[in-house]
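Taking it in order: structure first as structure tokens, then the write-up.
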Amino acid sequence: MKSFAEFWPFYLQEHSHPLNRRLHFIGTFLVHIFFIYAVVTQQWLLLWVVPVLGYGFAWVGHFIVEKNRPATFKHPLWSLMGDFKMFYFMLLGKIK
């Protein structure tokens, strides 16, 4: 894959199970909350929780629910972009 546009359909395929998508949504939602809270309160040590929350929920979705390997291992930046794109699409009702 040479672009995020090529990666996106693969990303969606790897997240086809509704529970996996929900787990990603929860993790990404918590990432937003903890990041904003840490910045607003200037409690910078809380930022270590951000990747733990995001990857924790996502990896449960992949290893237990979807039974596949997270795309993060081969495409970390595109995978992160995909997580946020899927989150906002779900928030807007563009993805169930």
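Observations, loosely collected:
- For MET90, neighbours were defined as the other residues whose beta-carbon sits under 12 Å from its Cβ, and their charges (Lys and Arg +1, Asp and Glu -1) total +4.
- Helix runs (DSSP H) in the chain reaching 18 Å along axis by Cα, Kyte-Doolittle at least -0.5: 18-41, 76-91
- Given [x] 16, 44, 34, 6; [y] 16, 43, 27, 10, 3, 0; [z] 17, 48, 29, 7, 0, the label whose value is P(r) over Cα pairs in 10 Å bins from 0, in percent derived from this model: [z]
- Straight-line reach from LYS96: taking Cα to Cα under 19 Å and skipping same-chain neighbours fewer than 8 places apart, the lysines in range are LYS85.
- What the Cβ-Cβ distance of MET1 and HIS32 gives, at R0 = 35 Å and to the nearest 0.05, is a FRET efficiency of 0.85.
Quick note: the coordinates plus some simple rules give every number you see, no bench work behind them. This structure is a prediction, so every number in the text was calculated from the model and none was measured. Please note: Cβ atoms are built from the backbone with ideal geometry, for glycine as well, and neighbour counts cover all protein chains shown.
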